[in-house]
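A quick write-up on the structure given underneath.
The values are calculated or read from the model by the stated rules, or taken from the named source; none is laboratory data. Fair warning: this is a prediction, and the values are worked out from it, not measured in the lab. All Cβ positions, even for glycine, are placed from backbone atoms using ideal geometry, and neighbour counts span all protein chains on display. Heads up: the accessible areas ignore ligands, DNA and RNA and are worked out on the full protein's heavy atoms, side chains in. Shrake-Rupley method; radii C 1.70, N 1.55, O 1.52, S 1.80 Å.
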Amino acid sequence: FNGTHGTFVPETRRASATVYGGIMATDNGGGYSGGAGMLVRFNAGSVEAGGNSSAVSRTGLNAVGSLDKVAYNYSVGGSNPMNISANGGAVGNLATTDYTGIGVARLIIGGGPNGALNAPISRLRYYPTALTNAQLQALTT
């Protein structure tokens, strides 16, 4: 696992349109703080990704129970350190984040600081590099 840059591509089905559902997260082993916290989650009809205090979201999700493809990259120190696309839609960019990658001790699949996904994850791919926005969009089509 590369804490400073990488890409996650989960494919999953939401169980609810309104409840937080953590797809994946990182933390420092004892909590979601200190620059080690990063998450991807469903949130009231959108999917969002971010650090401890900042996030970028994308709408365009499929109906509850249908497969959603999400691609999310992070690059500490990059001009857009976090980017996300869902189901082939436009890429959302986060210009600043407090995620540093320092102290990451745990990768949580199917959960996060705001609750569990409570839905199946059909596939989860990880790339140890931050893929381009065009690649994010292509992976979710």
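Annotations for the structure displayed:
- Calculated [θ] (222 nm, deg cm²/dmol) that DSSP helices of n ≥ 4 give over the chain, each run adding -39,500 (n - 2.57): -1000 deg cm²/dmol
- Among the protein heavy atoms of segment 1-130, carbon and sulfur supply 49% of the accessible surface, probe 1.4 Å, non-protein parts ignored.
- Expressed per residue, the C-alpha convex hull volume of the chain stands at 86 Å³.
- Segment 4-63: C-alpha gyration tensor shape, a/c 1.5 cut-off, then a/b vs b/c: prolate
- For the chain: relative contact order, % (alpha-carbon pairs under 8 angstrom, 6 or more apart): 37 percent
- Projected label points at residue 118 and residue 93, each 7 Å from Cα along the beta carbon direction, are separated by 3.7 nanometres.
- Segment 70-132: relative contact order as a whole-number percent, Cα under 8 Å and 6+ apart: 24 percent
- Charged side chains reduced to their Cβ positions (Lys and Arg at +1, Asp and Glu at -1) give the chain a dipole of some 280 debye around its Cα centre.
- For the listed peptides 121-130, 63-72, a ranking on the average number of other beta carbons within 10 Å per residue, highest first, reads 63-72, 121-130.
- The stretch between residue 107 and residue 1, if pulled fully straight at 0.36 nm per residue, gains 37.3 nm over its current Cα-Cα span.
- Accessible area per residue, Å², the chain with all protein chains present, probe 1.4 Å: 42 Å²
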